[in-house]
Amino acid sequence: MLLRSLVLLLLGITSVASAAERPNILWLSIEDASCHLGCYGDEHARTPNLDEFAKQSVLYENAFVCAPVCAPCRSSIITGVYPTSLGTHNMRSKVKLPPEIQPFTMYLREAGYYCSNNKKEDYQFKPPKGTWDESSGEAHWKNRKDDQPFFAVFNYTGTHESATRGDQPKYDKVTSVLSEDERHDPAQLELPPYYPDTPKVRQEWARYYNCMTAMDKWVADQLQELDDAGLTEDTIVFFWSDHGVGLPRGKRWLYDSGIKVPLIVRIPEKWQKKLRGQPSTEVEGSKAIGDNHRVPSMAAGTRTDELVSLVDLPETVLNLAGLSIPTYMQGRAFLGPNLTPEREYIYAARDRMDERYDMSRCVRTKRYKYIRNYMPWRPWTQWVSYGEVSDIMQELRRLKAEGGLNEEQSRWMADVKPVDELYDLENDPHELNNLMASADWVGNEDTEPLQGRLKFYRMVLRDLGIISESQFTPMESVCGSRYGWFFPHPMFRVNERSTRVYSISELGFKAAFPEYDMEDRAAYLERDVTLPQTENRYWSVIGIGRPSAPASEGGPAALAAGHAHELLEEALLDDQDSVRIAAAEMFALCRGRSEYVPFLIEAYENAESPWDRVQAANVIDLLPDFDEHADELRPVVERVQNNLKAETEAALGTDRQGLGYVERCTERLAERLGLDK
C-alpha cells in the first residue's frame, strides 16, 4: 500500500462527499473471540441475534488481525499502520506516536463527525488530544448535535479470557443474562484436536461458548437502541473481534485460532446505492496488495471469501465517509467508492507476550499459511503468568509431565519449534500437519512465493521486530519515535541500514537468500558481527550460534566450529547487553554450554535496561539444566526481589513497565527455586 500512498499524494485525492451525505458508522467490537457463531457454521453456537444480523449484512469468511493479541492489534485498528512499523508489536508497550501519524477518528472529526468510544482504547500509546469527542463508559452517539453524523464504538469485554477462565465472579456476572436452556453442556461440545479431553478442558471450553451467547444478547441490545432511535437505515454497522479465542493456541499464536476473526458489516440499502465501489483509477495496477480487482457486493446476505485484515478498517471507514486516505496508512479500503485490488496475502506478527520474548511472522493466502519462527529454540508455550491461569493450559502442562498427551498435543507442547511451518487450510483447518516437515514441500512452487512474500512484507513495512526492545528508548530520543528509525519521512524510503539488517536476520535460517553460497553467507555473518549497528551484531550472533542449520543453508556449520565459538565469545564482550545476552543464549540453549550461564545470571540482575533483564530471565527459565544452577541462582533472585520495589519507584516510562515484567519473571524463578515470595 506504500506504492498506492505515493500515487495518492501526488494526485492530491480529495473528499468525495459533503458532510450532509455521509452515513453514520457504528462499530460493535468484542474481545478474544473466534468465528464460533451460528452464521459462521458452528453447530454448537447459540447466537440467534448475530445470525439474523448476518442475513442483513456482508459476512467476511476470511477476516484476520495483524497480531494475535489485543493491544498491538488495536494500535493498527486506530492508525491503519501495522504494529511492526509503529513499534507497538510487543504486548504492553508505551510508544511515542510520530507527529505525521494520528488516529483516523481525528480525520472524521475534522469532517464534522461526532466520534465516541465506549470505552476501551489500549493502543500502546497515549491518544493525542482530539482523538475522540468523548471516550468513557458514558460515551454515546446520542450525545452528538442534531443531524450530526457519528462514528461510535462500543466494546464488549464479556468474551475476554479473564471471563472464560479463572475469574469466576466476572464469568458469573457476564452469564447472568442466560437461562439454563441457553447454557452449553460441556459433554456435548466438540473440542479442538489439540486439546486433551478432560472435564476441566470441557468446562472451560463451555464457559467460552456461554460468554459468546451472552455477547449475542449484548449485540441485540445495541442494534435495538439504534432501531428505536430511527437510525438503522442511516447507519453502517461493523461487528468484529480484536483477535481469536482467548485460550491456549488461540490468542497469542499465529494459527487461525489466534488471528482469524468474525467480521460482519451491515450497509443499509440506500447507502449501498450511494457507496457502490468502483476500481480506483488512481491506483490501477498497484502490486502492493495483489492483482485481484472486483467490486464487492454490499447486499444483505452476501458471504465473501475476500481476504481482509483489520488494519484495513481505518481506510474503509474513511472511504465510506467520503474522505481522503492519509498516505502513511498501510491497509486498503475494502468497501466504498474508491477501491484498490483485493489482497492476495495476510501478514501477521507475534512478538513479546507480556514477560516472554518470541518472534514469529506469517503470511496467509486463502489456502496456505506460512509461518517463520525466528526463535525456534524456544517453545511455543513459554510460561506467561497471565495465561497460566487457564485450566486448559494447566491440563496441558500436567498431562505433558505425565506423558498423557497424544501426538498432536505433544507436538505443540514440545520444548522447541520448527523454523518453518506451512499448512494447507483447505485440508487441515486446525493446522496440525506441518508440510515443511516433508522434503517435497521445501522450495516447491507453493512454498517459495509465500517465503518471498514474508520477506517482502518485513522489508516494505520496515518490521521493527528485528530491534531489541532495550534499543527503543535511545531510538526514540534520536528519531522522536520508533517509526522514525526506518521511516525518517512519511514517504517510503529505502536505506542501506534497514535493508542489510533484514538480510542478516534471515541468513541463519532455512531457505533464506539462496543467491548466497555457503562461503558468502559465512563471510556476511562474520563481517556484520563487528558492525556498529547493534541490530546487525545481534542477528549475526543468532546466525552464527544456531548449530541446527546445516552449512548448505548458510548456518553456523558454514563457519569452522572453533571460529564460530571464538566469534560468540567475542560477542560476550560486546558493549550492548542485548548482544551479550544473545551470545550467552546461543551457548546455553543451542550449544549446551552451561559454563556460560553466569553471563545470563549477571545480566538478569544488572543489565542496564529492564528489557534486557527480561530477556536474560527468559533464557534462564528455559535452561535444560536449570536445577544444576539453583544454588547459584537463589541469592541473585533474592537480591532482585529485595531491590525491585525501590528500582520501580525510581524508574520512569518504559523502564518502569519493563521492571514490572522483571518482577513477573522473578516470581517464576522464585517459585521454581522454592523461595518464599
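In the chain, with Lys and Arg counted as +1 and Asp and Glu as -1 at Cβ, which of these residues, A187, A439, Y209, has the Cα nearest the positive end of the dipole, that is, farthest along it? Going by the charge dipole, the pick is Y209.
Taking amide H as placed 1.01 Å from N in the peptide plane, the amide H of Y368 sits under 5 Å from that of L425, each at least 5 places away or on another chain. Computing FRET efficiency as 1/(1 + (r/R0)^6) for R276 and M459, where r is the C-beta to C-beta distance and R0 is 41 Å, gives about 0.70. The value of relative contact order for the stretch 350-441, using C-alpha pairs under 8 Å at least six residues apart, is 30 percent. Residues in the stretch 348-354 carry Karplus couplings, in order, of 9, 9, 10, 10, 4, 10, 6 Hz; the curve used is 6.51 cos²θ - 1.76 cosθ + 1.60 with θ = phi - 60°, and Gly or Pro positions show x.
Could you tell me whether the stretch 99-165 comes out rounded, prolate or oblate from its Cα gyration tensor? Rule is a ≥ b ≥ c as square roots of the eigenvalues, rounded for a/c under 1.5, then prolate if a/b exceeds b/c, otherwise oblate. Taking the square roots of the gyration eigenvalues as a ≥ b ≥ c, the stretch 99-165 is oblate. Working note: Karplus 6.51/-1.76/1.60 with θ = phi - 60° gives the stretch 193-201 the couplings x, 8, 9, x, 8, 10, x, 5, 5 Hz, where Gly and Pro are set to x. Full extension of the chain between S410 and R398 yields a length gain of 3.1 nm, computed as 0.36 nm times the residue separation minus the alpha carbon distance.
In terms of packing, defined here as the mean over residues of other Cβ atoms within 10 angstrom, the peptides 424-436, 302-314 line up highest first as 302-314, 424-436.
Stretching the chain fully between D234 and D167 yields a gain of 20.2 nm (0.36 nm per residue, less the alpha carbon separation). Checking the Cα-Cα distances for K119/K455; K369/K417; K129/K173; K129/K270; K400/K455 against a 27 Å cut-off, the pairs over it are K119/K455; K129/K173; K129/K270; K400/K455. Here semi-axes √(5λ) of the Cα gyration tensor in Å was computed from the coordinates, and among (i) 41, 30, 25; (ii) 50, 27, 21; (iii) 55, 30, 22 the match is (i).
The ranking of R332, R591 from fewest to most other beta carbons within 10 Å of each one's beta carbon is R591, R332. You can think of it this way: the chain between N606 and S176 has 149.9 nm of extra reach, that is 0.36 nm per residue less the Cα-Cα gap.
Among 363-370, 59-66, 669-676, 262-269, sorting by the average number of other beta carbon atoms lying within 10 angstrom of each residue, highest first, gives 59-66, 262-269, 363-370, 669-676. The protection proxy used here, the mean number of other Cβ atoms lying within 10 Å of each residue, ranks peptides 473-479, 340-346 as follows, highest first: 340-346, 473-479. Inter-label distance, N444 to E306: 3.2 nm, where each label sits 7 Å from its Cα along the C-beta direction.
Take every Cα pair under 8 Å whose residues are at least 6 apart in sequence, average their separation, divide by the length of the chain, and the relative contact order is 15 percent. Helix-derived [θ] at 222 nm for the chain: sum -39500 (n - 2.57) over DSSP H runs of at least 4, divide by residue count, nearest 500? It lands at -11500 deg cm²/dmol.
Every read-out reported here was derived from the displayed coordinates using simple, explicitly stated rules and does not represent laboratory data. Note that the structure is a prediction, hence the values are computed from the model and not measured. Don't worry about glycine lacking a Cβ; one is built from the backbone with ideal geometry, like all the others, and counts go over all protein chains shown.
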